[in-house]
Amino acid sequence: MIYAAPHAMLRAHECHSPGLRSVHEGRGPSRPRARTVRILLLGCRGQVGTELVRALQPLGDVTALARDSGGDLENAAELHRAVRETRPHVIANAAAYTHVDRAESDPDTAERVNAEAPRVLAAEAARLDAWLVHYSTDYVFDGTGTTPWQEDSVAAPLNVYGASKWQGEQAVRSSGCKHLLFRTQWVYAAHGENFLHKILRRAALQDVLEVVADQHGAPTGAALIADVTAHALRLATAGKLAGGTYHLAARGDTTWHAYAQFIVAEARRLGAPLRATESNVRAVTTAAGPAGARRPLNARLDVGKLESALGIQLPDWRNGVADTVAKLIASAP
Ligand SMILES: NC(=O)c1ccc[n+]([C@@H]2O[C@H](COP(=O)([O-])OP(=O)(O)OC[C@H]3O[C@@H](n4cnc5c(N)ncnc54)[C@H](OP(=O)(O)O)[C@@H]3O)[C@@H](O)[C@H]2O)c1
């Protein structure tokens, strides 16, 4: 159930889903009542945050906050108050400054949100002996070579966003709090702003699209991230999964160009009236592409550590992308 804390700053808002009941309700009196896990979720309107509102429901009482409802990551006093009023067993931080290009000219905001706020949340988690769930990025790596990056590979971010996220990671690890730190990449969802939406919009308006073909990674659905997070958190809070840093991404690797081709092909197959065709999605190099923050060419993440720790097999990136394209085409006016 979504729990709205009493303080005015923690009022219910659109993250609140009325009618949801706690999984602890309705049990017979003879059964021992499990401890209600209190979860404080920040960034509940982002791609991953929206999916976490759904996926964390079965784990306990979720207080879901956004920037304008008591969860502004640039306001440390507000974060302290949110923690004080909810006394969480778990703090899940899905909020971040994710404007990679804008961060180049706004490094202070990126640092406040991506490095300072995680430091505050980690300190609060350590004080309460709570778990902290936090997300980071493939952009902590410099993109050299072709080998997938492992959790302990050397970080060397190329851009301000990556550097701020790396600082946030270090703050979480050095705080001593129990944490699950998931590095993910190329996130998309049916909601929110992302590459998948951008390609569908442009393909409806333009005959030809140019997309960079020399950056490698795996498009990863926000729903997958949230579901795996909930599973990992369940195990971690039961003492069955060690805390630490894990790579959480879909399997397989592709380029933005091949990803765009796949989106256009799927949408056309489902009857979307697009002007662009798969063969008119043209490959360009990063150097010839739009100017902006530098991005790693090799952003492949090795997900083996998480798969073996959880005993799962992460799905190929095409599965989730195809599902999301189908959902968007079906809901188009
Ligand atoms: N998107 C990707 O491709 C990608 C790739 C690798 C890693 N990640 C990481 O994955 C996590 C989730 O990303 P996402 O894709 O869900 O990002 P997203 O869709 O951009 O959502 C980020 C959320 O953070 C919120 N936020 C920004 N500044 C805030 C502040 N000062 N206080 C409170 N909330 C604030 C945003 O709210 P507003 O809408 O109000 O700004 C937004 O709801 C982040 O840690 C991100 O760094 C994402």
| request: Can you confirm whether the range 144-154 contains a residue that is in contact with a helix residue (DSSP H, G or I) (Cβ under 6 Å, 6 or more places away or on another chain) and more than 22 Å from residue 305 (Cα to Cα)? | output: no
| Could you give every pair whose Cβ atoms fall below 6 Å, whose first residue belongs to the range 65-85 and is under 17 Å from residue 109 (Cα atoms), and whose second residue is basic (Lys, Arg) and assigned to a helix (DSSP H, G or I), counting only separations of at least 6 or pairs across chains? | 74/112
| said: Take the residues in the range 183-221 that are among the β-branched types (Val, Ile, Thr) and surrounded by 24 or more Cβ atoms within 10 Å (Cβ to Cβ); name whichever of them is nearest to residue 305 (Cα to Cα). | reply: 184
| query | Could you count how many residues in the range 158-170 are buried (at least 21 other Cβ atoms within 10 Å of the Cβ) and either of a type outside the set (S, T, N, Q) or under 11 Å from residue 295 (Cα atoms) (or both)? | reply | 7
| Can you spot a residue in the range 230-250 that is among the β-branched types (Val, Ile, Thr) and under 20 Å from residue 125 (Cβ atoms)? | yes
| task | Being within 8 Å of the ligand (Cβ to nearest atom) and surrounded by 24 or more Cβ atoms within 10 Å (Cβ to Cβ) is the filter here, so list the residues in the range 35-46 that pass it. | result | 42, 43, 44
| said: residue 154 - would you say it is of a type in the set (Val, Ile, Thr), free of Cβ contacts under 8 Å to residues at least 60 places away in the same chain and either out of contact with any Pro (no Cβ under 7 Å at 6 or more places or on another chain) or crowded, with 19+ Cβ neighbours inside 10 Å (or both)? | reply: yes
| request: Run residue 96 past the list (1) more than 12 Å from the ligand (Cβ to nearest atom); (2) part of a loop (DSSP other than H, G, I, E, B) and report the number of the one that doesn't hold. | output: (1)
| Being of a type in the set (S, T, N, Q), surrounded by fewer than 17 Cβ atoms within 10 Å (Cβ to Cβ), closer than 27 Å to residue 292 by Cβ and modelled with pLDDT of 95 or more, is that true of even one residue in the range 243-259? | no
| request: Just need a number here: residues in the range 226-266 that are free of Cβ contacts under 8 Å to residues at least 60 places away in the same chain and over 22 Å from residue 196 (Cα atoms). | output: 3
| Scope the range 161-198; condition within 11 Å of the ligand (Cβ to nearest atom) and of a type in the set (A, V, I, L, M); matching residues | 181, 187, 189, 196
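The values are calculated or read from the model by the stated rules, or taken from the named source; none is laboratory data. None of the values given here were measured: they were computed from a predicted structure. Positions of Cβ are backbone-derived with ideal geometry, glycine not excepted, and every protein chain shown enters the neighbour counts.
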